1. How big is segment 11-65 by Rg and Dmax over its Cα atoms, in Å?
2. Cα gyration tensor of segment 84-182, axes a ≥ b ≥ c as square roots of the eigenvalues: rounded (a/c below 1.5), prolate (a/b > b/c) or oblate?
3. Just grab the label-to-label distance for GLU105 and ASP182, each label 7 Å out from Cα along the Cβ direction, in nm (one decimal).
4. Find how much the distance from TRP124 to GLN168 grows on full extension, using 0.36 nm per residue of separation minus their present alpha carbon separation; answer in nm with one decimal.
5. Cut-off under 30 Å on the C-alpha distance; same-chain residues fewer than 8 positions from LYS82 excluded. Which lysines are left, in chain and number order?
Amino acid sequence: MDEDESPKDNPLTAYLALIVGIGGILITIILRACALIPDWSVIFLIAVFILAAIAVRAFPRLEEINLRQLSIRLRKVEEAEKRIYAREKTVRELTLTLADLAVMETLNFSRLSGSEFGDLMRQWRDKRVDKILELVEATPSQKNHLRRYVPMYKGMDDANALPVPLPQREAAAAPFVQQLLDQFRSEISESKSD
């Protein structure tokens, strides 16, 4: 037996549905021809008889709905959806981690170059980071986390660009250096506790 074919399929229900449909349409036409019903009701009655014919044909199949298999299929779909969401979350976290690494690399690279080159690198990096954050649909907290080192490095760069002797520049940069070291230590200790 074919998978789509039901044991309830038999020619009798097909003939009965055909009789209901054609008979209803003929009755409607005869009633209209005798002027016993208005024009607008012809379409309504034809639709009712066609639906009745479909119901007669489909009724034996409706007795066989297997809700147990349907619920198993729905559970499988929900499990697959959870796995897909977990993979999406993993990819998003991986991308944000790689973006974090890229930010750090460009921060250090641009500091070791000339000031004009460093400014261009920062602008380039900011555009790339914005693009990454847009692609992964990062939340505002994720965006802030990704940019947490930028103010510290900017403070150190600004202090080192001051037109004063080296000891004074180092003193001006010291609070930013300390913030950076504290941030590194904090993140290292957090990753060890995870």
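Read-outs: derived from the displayed coordinates by stated rules, not from any lab. Note that the structure is a prediction, hence the values are computed from the model and not measured. Don't worry about glycine lacking a Cβ; one is built from the backbone with ideal geometry, like all the others, and counts go over all protein chains shown.
1. Cα only, segment 11-65: 13.2, 44 Å (Rg, Dmax).
2. Prolate shape, in that a/c is at least 1.5 and a/b is the bigger ratio.
3. Each label point lies 7 Å from its Cα, and together they span 3.0 nm.
4. 12.8 nm
5. LYS131, LYS143, LYS192
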